[in-house]
1. Show the residue pairs that are 6+ apart or on different chains and have beta-carbon atoms under 9 Å apart, the first residue being within the stretch 141-168 and assigned by TED's automatic domain parsing to the domain that holds residue 93 and among the aliphatic types (A, V, I, L, M), the second being at pLDDT below 95 and surrounded by fewer than 16 Cβ atoms within 10 Å (Cβ to Cβ).
2. Name the residues in the stretch 1-47 that are of a type in the set (Gly, Ala, Ser), modelled with pLDDT of 95 or more and in contact with a strand residue (DSSP E or B) (Cβ under 9 Å, 6 or more places away or on another chain), would you?
3. Give the residues of the stretch 354-369 that are surrounded by fewer than 18 Cβ atoms within 10 Å (Cβ to Cβ), hydrophobic (A, V, I, L, M, F, W, C) and within 20 Å of the chain's Cα centre (by Cα), sorted by residue number.
4. Could you check, for the stretch 3-25, whether at least one of its residues is over 28 Å from residue 288 (Cα atoms) and in contact with a helix residue (DSSP H, G or I) (Cβ under 9 Å, 6 or more places away or on another chain)?
5. Quick one: how many residues across the stretch 313-345 are within 17 Å of residue 170 (Cβ to Cβ) and either modelled with pLDDT under 95 or in contact with a Cys (Cβ under 9 Å, 6 or more places away or on another chain) (or both)?
6. Quick one: is residue 285 among the small types (Gly, Ala, Ser), in the same structural domain as residue 343 (by TED's automatic domain parsing) and in contact with a His (Cβ under 8 Å, 6 or more places away or on another chain)?
7. Pick out, from the stretch 137-211, the strands (runs of 3 or more DSSP E) lying fully within it that include 2 or more residues that are under 30 Å from residue 72 (Cα atoms).
8. So which residues in the stretch 339-353 are part of a loop (DSSP other than H, G, I, E, B) and more than 24 Å from the chain's Cα centre (by Cα), if there are any at all?
Amino acid sequence: MKIGIDARFWSQTGVGRYIREIVGELAKLDTVNDYVVYVLEEDVAKVSLPGNFKLVSTTIRWHSFGEQIVLPLLYLRERFDVLVVLNFNVPVLYPGTLVTTVHDLTLLRTRTGNATKLPFIIYTLKYIAGCLTHFMAVKRSKKVFTVSKYVKNDIVKTFRVDPAKIILTPNAVDSHFYRRAAAEVTRVLHRNAVGQPYLFYVGNACVHKNLPRLLKAFALLVTEYPELTLVLGGKIDFNYQRLQRQCVALGLQAKVKFIGYVAEDDLPCLYTGAEVYVNPSIYEGFGIQVLEAFACGCKVVCSNTTSLPEVGGALADYFDPLDPQAMADAIKKALVKHDPDFAAKATKHVAGFSWRASAQTILATIQSL
């Protein structure tokens, strides 16, 4: 077979990690089929694949006219048996056999117009285009992969498709996430100007991530735990700047540390050194940081909504994400909880998620087509 893979998100967080791990596992699993992997021009040097994987560079970015007009022509020229698009941004005009990964329906479930600098008309047009692309991704694909049971059920109900068409390929944890030694943690915390004890969150600050309520919950906590700080990791963009202004309004500017983009190599130490990892998201397709925190021996407190209870299982503590007081109470509970078997339980829980297993499922599905 000749298989095409759209891997243009290679260097991105979130979807990019899924793509890197799945393509990497396919490269180990399949030495028979021929692959053509599309990446952005600037990412070519970062990708190393075996001989049956041909790398093609492109300047065509996602959510662009070129993606819908030019890419289908490039794909047709290769005469693929199956085209694999590992995100929802499918080439609508491509007539060949197609499989897609839909990671979540965040765009359909959360409106973020009040958290964008785009003019309202442009934002609305992009929103409509995104909704249509999700619809076409599900309807046009022979099979749709997704990362959690919650999202599978959401897709089935939203688009009224046969559940058999939606196949689970969950996220997992990279092997470099494990509990780090104290000396290494100290070095990384010093480099990021982080002092202990602290709560930790890492990710973007989009509206559905619910960080303004986390700040309100933290304001309730610090009266009882004055030594505690809140460390927020993520690129300082428009949304994070709004949070910084909220910190000033709440009088928390000395207690909340914005460390910006976190290097992948620093993440395990930041999880290891934290008292608790907190995920207050209102909508989450998976929440891979929950598994990363567990892998590093860090306690987790998160929302009781969408996919998070599925990922956190019995190990995490949960709260109503719309209630800052409930959030604060759950964090307090986790701070004082001590389970001598936690590390062993966390390791076992994380082992239940496997990139290899997800890649095997994708490969078997491709071959079945």
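1. From the stretch 141-168, the pairs are 161/139.
2. 4, 7, 27
3. Result: 357, single match.
4. So in the stretch 3-25, the residues over 28 Å from residue 288 (Cα atoms) come out as none.
The answer is no; no qualifying residue exists.
5. Going residue by residue through the stretch 313-345, those that are within 17 Å of residue 170 (Cβ to Cβ) are 313, 315-316.
Checking which are either modelled with pLDDT under 95 or in contact with a Cys (Cβ under 9 Å, 6 or more places away or on another chain) (or both) leaves us with 316.
Total meeting the criteria: 1.
6. Details: among the small types (Gly, Ala, Ser): yes; in the same structural domain as residue 343 (by TED's automatic domain parsing): yes; in contact with a His (Cβ under 8 Å, 6 or more places away or on another chain): yes.
Considered against the rule, which asks whether it is among the small types (Gly, Ala, Ser), in the same structural domain as residue 343 (by TED's automatic domain parsing) and in contact with a His (Cβ under 8 Å, 6 or more places away or on another chain), residue 285 comes out as yes.
7. On the way: elements: 143-146, 166-168, 198-202.
The qualifying strands (runs of 3 or more DSSP E) are 143-146, 166-168.
8. First pass over the stretch 339-353, keeping only residues part of a loop (DSSP other than H, G, I, E, B): 339-341, 352-353.
Within the stretch 339-353, 339, 340, 341 qualify.
The values are calculated or read from the model by the stated rules, or taken from the named source; none is laboratory data. Note that the structure is a prediction, hence the values are computed from the model and not measured. Cβ coordinates were reconstructed from backbone atoms using ideal geometry, including for glycine residues, and neighbour counts include every protein chain displayed.
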